[in-house]
Amino acid sequence: MVSKVDRSPGADSSGVFRRPRIILRPKKVEDISTILQNIKSYPSPVRPLGADYSQARCVGGDGGTTLDTQPFNKILEIEGNLVRAQSGVRVGDLVRTLAERGLELPLTPEIANISLGAVATASLPQPSLQDGLAQMSSCVAAMKIITPQGKAMTVTDREPDLMRVLRSSYGLLGVVHEVVLKVRDIVPVKIDYQSFSLKEFGARFSSIVNAPGALRLQIFPFNDRITVERRILDVEASTSRSGIWQIRNSVLKNVLPVFGSSVGGMLAVPAHATLNRAARGVVMYAHEWMRELPREAWKARFTYSLWSFAQTEFPRLLSEYFAFCHAYHKQHRYRCNIVHTSSRLHRDRNSLFSLSYDGPAFTIEPSSVGDKGWDDFLIDFNEFASQRGGVPTFNQTRALQPGHVSKAFGERLKLFRSLRKRTDPLNRLQHSYFSHLMG
Ligand SMILES: Cc1cc2nc3c(=O)[nH]c(=O)nc-3n(C[C@H](O)[C@H](O)[C@H](O)COP(=O)(O)OP(=O)(O)OC[C@H]3O[C@@H](n4cnc5c(N)ncnc54)[C@H](O)[C@@H]3O)c2cc1C
């Protein structure tokens, strides 16, 4: 019925401590119900595992049962503007299959490894083009879940309040085994780059955010530089495909963030020749910028953390962040050794813990190879972010404390907590990470 794959001795090789007593790979949907109903054989907490690439301990273990969704890897149906797939499907596999049919998701992440279970229930903000569509979970129109009591349930966006909570549920309200996602006809994306000093960025901020397109920033606090990558849907796509590929290779190599790099110092600012060329416009399809991380997350040798901040305050915030990075380096001789990135997020209330629930926002994502000093930097960065009204995630923000979470989510956290208590009174799905943070 289910295959036992491992008995974990303790912290796993990624360094994310978990220690489950048992790890299972259910083969059928009914197996999930059986596991959830049988507390003696399958101890609590039961924690669903997607692709296992989160930066925080949101999967967990705690002497319980890890339920690996990897065998649920089938794309079931592509019909009209919807695709139905199992929760263990990797978003990269889905996106490539859709592209072969001339379709795409309304949002495409840069990382291919993410599971659809995480797409549906975790925080995955992406550079956005419109209100209501700034997190991957907003692409989800329906999901099938097994409740903590082992009952099957289907929820669709005809029940927006329930969907809003489920889209932020991290496996705490049920195990998702199937999702329906919205798709659209594939559209080429024109990408332009502009580089600014902090002062120039502040002065031009209103035209930067008001011009059309999705925005991804590369931030260089020690070089006083911000590169703005603007992605515009290019319905007319005049550039020939061979031209696209030539430029794309150069851009991917030199301009987009470098993953898996073991650079010891600051990543170089993209070469001017490349930026000048790119500034004239690169055209590519969204699925072409996806990249595969190594099979084990820790081998990526790259780690990051993420908070979001109100768009209205962003230039001031960025200037304070530059000052924070300089002061931190002066005092502790530590600075992040990979480029900091940022995404602009339109207002999106489709998930309870959305990073842009209160209005348009920008993320700040410091990155590092995880060298000595990084963990301490994050503790201070979290304080910096929380004091300035930042909003964290439970899967991509490291070293979170309960105070950060209650300050950022307030009443929404209370609502989630009371719903969770009612739907899972025996704490079948909750582990110490969430009980510590959510109370
Ligand atoms: C080096 C690196 C770089 C990255 N860069 C980016 C990036 O640029 N952009 C980006 O968007 N992401 C990026 N990510 C991925 C990001 O960290 C995601 O948080 C993560 O990958 C989530 O997907 P997952 O399938 O690995 O989820 P997991 O870590 O396996 O799970 C995440 C949460 O979802 C829950 N869950 C999973 N499946 C189910 C299910 N079936 N039912 C209910 N709950 C479920 C889990 O219990 C857990 O709480 C990066 C990751 C790494 C390691």
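The values are calculated or read from the model by the stated rules, or taken from the named source; none is laboratory data. What you see is a predicted model; the values in this text were computed from it and never measured. All Cβ positions, glycine included, derive from the backbone under ideal geometry; neighbour counts span all protein chains shown. Keep in mind that these areas ignore ligands, DNA and RNA; they rest on the heavy atoms of the full protein, side chains included. Shrake-Rupley method; radii C 1.70, N 1.55, O 1.52, S 1.80 Å.
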Task: C-alpha center-to-center spacing [segment 315-346, segment 364-423] in angstrom - done: 17
TODO: Would you mind checking which residues have amide H under 5 Å from Asn337's amide H? H placed 1.01 Å from N; only 5 or more apart, or other chain.
DONE: Val369
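Take Asp31, Asp62, Asp234, Asp376 and sort them by solvent-accessible surface of the protein heavy atoms, 1.4 Å probe, largest at the top. Let's see the in-between values first.
On the way: Asp31 5, Asp62 55, Asp234 25, Asp376 95 Å².
Sorted descending by solvent-accessible area, the residues read Asp376, Asp62, Asp234, Asp31.
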TODO: Calculate one ³J(HN,Hα) per residue across segment 173-189 by plugging θ = phi - 60° into the Karplus curve 6.51 cos²θ - 1.76 cosθ + 1.60, and present them in order as whole Hz with x for glycine and proline.
DONE: 10, x, 9, 7, 10, 8, 9, 10, 10, 6, 10, 9, 4, 5, 10, x, 10
- [ ] For Lys151, tell me the accessible area in Å² from a 1.4 Å probe, rounded to the nearest 10.
- [x] 120
Task: Set of aspartates and glutamates near Lys190 by C-alpha distance (under 14 Å), chain-local residues within fewer than 8 positions excluded - done: Glu229, Asp234, Glu236, Glu288
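Between rounded, prolate and oblate, where does segment 46-140 land on the alpha carbon gyration tensor, with a ≥ b ≥ c its root eigenvalues, rounded for a/c under 1.5, else prolate if a/b exceeds b/c? If you can, show how the numbers build up before the last one.
Working: a/c = 2.35, a/b = 1.46, b/c = 1.60.
Note, shape of segment 46-140 comes out oblate.
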TODO: Using amide H atoms built 1.01 Å from N in the peptide plane, name the residues 5+ places from Ile186, or on other chains, whose amide H lies under 5 Å from its own.
DONE: Leu103, Glu104
Task: Exposure rank, largest accessible area first [Glu320, Glu383; 1.4 Å] - done: Glu383, Glu320
Open item on the list: Of Ala327, Leu352, Gly410, which is farthest towards the positive pole of segment 298-439's charge dipole, taken about the Cα centre with +1 and -1 on the beta-carbons of Lys, Arg and Asp, Glu respectively?
Closed with: Leu352
- [ ] Mind listing the long-range amide H neighbours of Leu429? Cut-off is under 5 Å, sequence gap 5 or more, other chains count too, H placed in the peptide plane at 1.01 Å from N.
- [x] Val46
TODO: Could you pull out the trypsin sites (Lys or Arg not before Pro) across segment 34-90 that fall in loop regions by DSSP (anything but H, G, I, E, B) with no more than 15 other Cβ atoms inside 10 Å?
DONE: Lys40, Lys74
Task: chymotrypsin sites (Phe, Trp or Tyr not before Pro) lying in DSSP loop within segment 155-228, provided at most 15 other Cβ fall within 10 Å - done: Phe222
Task: 3J(HN,Hα) from dihedral phi, segment 219-229, Karplus parametrisation 6.51/-1.76/1.60, rounded to Hz, x for glycine, proline - done: 10, 10, x, 8, 10, 6, 9, 10, 9, 9, 9
Task: Area accessible to solvent at Arg349, 1.4 Å probe radius, in Å² - done: 90
- [ ] Provide the per-residue ³J(HN,Hα) series for segment 86-97, in order, calculated from phi with Karplus coefficients 6.51, -1.76, 1.60 and θ = phi - 60°, each as a whole number of Hz, with x at glycine and proline positions.
- [x] 7, 6, x, 4, 7, 4, x, 5, 5, 5, 5, 5
TODO: For Met143, Met153, give the ranking by accessible area with the largest first, probe 1.4 Å.
DONE: Met153, Met143
Task: Rounded to the nearest 10 Å², the accessible area of Glu411 at probe 1.4 Å - done: 130
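Using a Förster radius of 60 Å, what is the FRET efficiency between Gln401 and Glu79 based on their Cβ-Cβ separation? Nearest 0.05, please. Kindly include the intermediate steps, with their values, before the conclusion.
Details: r = 45 Å, r/R0 = 0.75.
It comes out at approximately 0.85.
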TODO: First compute the accessible area of segment 75-186 with a 1.4 Å probe, then give the percent of it belonging to carbon and sulfur atoms.
DONE: 48
Open item on the list: Quick check: pseudo-label points 7 Å beyond the Cα along Cα→Cβ at Thr34 and Leu426, how many nm apart are they?
Closed with: 1.7
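Taking a 18 Å limit on the Cα-Cα distance, which of the listed pairs Lys74/Lys144; Lys27/Lys74; Lys330/Lys372; Lys27/Lys144; Lys144/Lys421 fall beyond it? Numbers along the way, then the final one.
Working: Lys74/Lys144 14 Å; Lys27/Lys74 12 Å; Lys330/Lys372 16 Å; Lys27/Lys144 16 Å; Lys144/Lys421 21 Å.
Pairs exceeding 18 Å: Lys144/Lys421.
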